[in-house]
1. Taking the convex hull of the Cα atoms, report for the chain its projected area averaged over all directions, in nm².
2. So what's the net charge close to L67: Lys and Arg +1, Asp and Glu -1, counting the other residues with Cβ under 12 Å from its Cβ?
3. Sort E115, E21, E139 so that the residue with the fewest other Cβ atoms within 10 Å of its own Cβ comes first and the one with the most comes last.
4. Modelled label-to-label distance, A88 and A141, 7 Å Cα→beta-carbon offset: nm?
5. Over segment 87-191, consider all pairs of different Cα atoms and compute the Kirkwood hydrodynamic radius from their mean reciprocal separation; express it in Å, one decimal.
6. Can you find, among A88, A78, P10, the residue farthest towards the positive end of the dipole of the chain? Put +1 on the C-beta of Lys and Arg, -1 on that of Asp and Glu.
7. Can you list the residues of segment 65-98 with backbone N under 16 Å from a point 7 Å past the Cα of D58, pointing along Cα to Cβ?
8. Just need the relative contact order of the chain here, percent rounded to a whole number, with Cα pairs under 8 Å and 6+ apart.
Amino acid sequence: MRLFHTPGSPFARMVRVALRETGLLGRVAEVETTLRDPASSLLPANPVGRVPTLLLADGTALTETALILPFLDGLGGAYPLLPLGDVAARAAFGRILGMMDGIGVWNRELRRVPEERSPGVIALETGRAGRVADALEAEIAAGGWRLAGPPDAARIALGCTLGYAERRHRAWDWRPGRPALAAWFDALAARPAFQATLPPESGL
């Protein structure tokens, strides 16, 4: 199997962290690729041209983190990322994916020239990200989101989302007023799987 990724993609990073945490990395070759490029090495495998893409031995291309992580659970890794029947774990995972989707929209707006940016979109996504982060701060302060043992899909997703904000969407300083969330992130980010997949910093 091959995993196509780009170093800056938080969604691809979620899969890369999961492979390392579950001990499945030895079964998957990581292939760095390019996006928005007609010569991308990804396009022959997946004409959608999005990462992460997991290319299976039979040529099937799985796109999207939300599909790839459950597939990994079927490969017999060290532990399940999304335990069967655990609705709360899946709800938490979905919430963080939604948070990251919104931050991605916000980031793309900021990469436009100023006269092409939508203030309404930026305000909407700023509010969404802050609202979710505030809820997480309250939940963690109350004892939720514990980090006992290896991280599940939701914790991996949240770590990659906050890590993206720290290194590639620095327009959002999420730490002030959220000490519990900041301490939680710092503990998770120190794990070897996160350190090995740090995204490059961008100019934003």
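1. Numbers: hull surface 47.7 nm².
Approximately 11.9 nm², given one-decimal rounding.
2. -1
3. Working: E115 5, E21 22, E139 15.
Ranked by crowding around the Cβ, least crowded first: E115, E139, E21.
4. 2.1 nm
5. On the way: mean 1/r = 0.0700 Å⁻¹.
For segment 87-191, the Kirkwood estimate is 14.3 Å.
6. P10
7. Only 71-72, 74-75 pass the distance filter.
8. Working: 247 pairs, mean separation 49.3, N = 204.
24 percent.
All of the numbers you see were taken from the coordinates with simple rules; none came from a lab. On a predicted model such as this, the values are computed, not experimentally measured, just so you know. Note that we place each Cβ from the backbone using ideal geometry, even for glycine, and neighbour counts take in every protein chain shown.
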